[in-house]
Structures are given as structure tokens and as C-alpha cells.
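Novice: Below are the C-alpha cells for one structure; questions will follow.
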Amino acid sequence: MKLVQLAFSFLFVFNAMTASAEELRIDGSSEASFARSMSAIAKSLTPEEREPYKRGLMNIVLAHYPPAANAEGAALVSLINPAIKAAHTTLNGMTKDEIVARGRELLKSPLLRAN
């Protein structure tokens, strides 16, 4: 009986670890939790995910920052720092996979292929 309980305990812990490893999510509940979750995501990136992640992250940071909604050119550039400072709230709940997917979409864009 104890062996069965031990086996179920192991499976529960293993499943919980596997689920969290598969879907890394940004925790923006505080700046400290944001930094920890961003660090965990950064450490988990494969070489193939790094560039799409960087592109997707910056795009999402700006796209989710309300003052940047209709900004273009220099006005948009001037909003980068405030958007980054607000990122812990605007990115809260997003997954690594969502950010990488957005970056891959951007990299497929004909406008970015020349870069």
C-alpha cells in the first residue's frame, strides 16, 4: 500500500513539473516575480527560439502598451522605455510559446526579411 502511495506521489510531482516546464508563463503579479519568470523563460530558450522570442517580446510589449496604440516613428521609439517599465503588467499571463509564435510570425513578414 505504501508503495502505491509513493508511486502516486511521484507521478503527481512529475506531472506538475512536466506541465510547468512545457508552458512557461510570465508572472507579472510583482516586479520580482516578473523578473524570475522572465529569467526562467530566457534560460529555457533553445537556440532556434531566441531570435523569434526577442522579436515577439518587443512587439508584444509595445502592442500591449495603450499609449503606443497609434504611435509611429519617433513617437513610437519614445514610448519604448515606458512600455518596458509597464511590461510586468502588460505581459502578465503570457506564455513563452505565445511570444515565440508572435516572433515567428514577424520573422515571416516580407518587411523584416531584409533585416
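Novice: Tell me, please, whether a residue that is at pLDDT 95 or above and part of a loop (DSSP other than H, G, I, E, B) can be found in the range 93-112.
Specialist: Yes; the residues of the range 93-112 include at least one that is at pLDDT 95 or above and part of a loop (DSSP other than H, G, I, E, B).
Novice: Kindly indicate whether any position in the range 88-106 is touching a Pro at 6+ places or on another chain (Cβ under 6 Å), within 27 Å of PRO47 (Cβ to Cβ) and open to solvent by less than 30 Å² (accessible area, probe 1.4 Å).
Specialist: Yes, that holds for at least one residue.
Novice: Filter the range 58-73 down to residues that are in a loop (DSSP other than H, G, I, E, B) and hydrophobic (A, V, I, L, M, F, W, C) and give me whichever is least open to solvent (accessible area, probe 1.4 Å).
Specialist: Step by step, filter the range 58-73, then rank; the result is ALA71.
Novice: Also, quick follow-up: Quick check on LEU106: is it touching a residue at least 12 places away in the same chain (Cβ under 8 Å) and more than 18 Å from GLU23 (Cα to Cα)?
Specialist: Criteria met by LEU106.
The values are calculated or read from the model by the stated rules, or taken from the named source; none is laboratory data. None of these values were measured; they are calculated from a predicted model. Because the Cβ atoms are built from the backbone with ideal geometry, glycine has one as well, and the counts that use them run over all protein chains shown. For the accessible areas, the whole protein counts, side chains as well, though only heavy atoms, and no ligand, DNA or RNA atoms are used. Shrake-Rupley method; radii C 1.70, N 1.55, O 1.52, S 1.80 Å.
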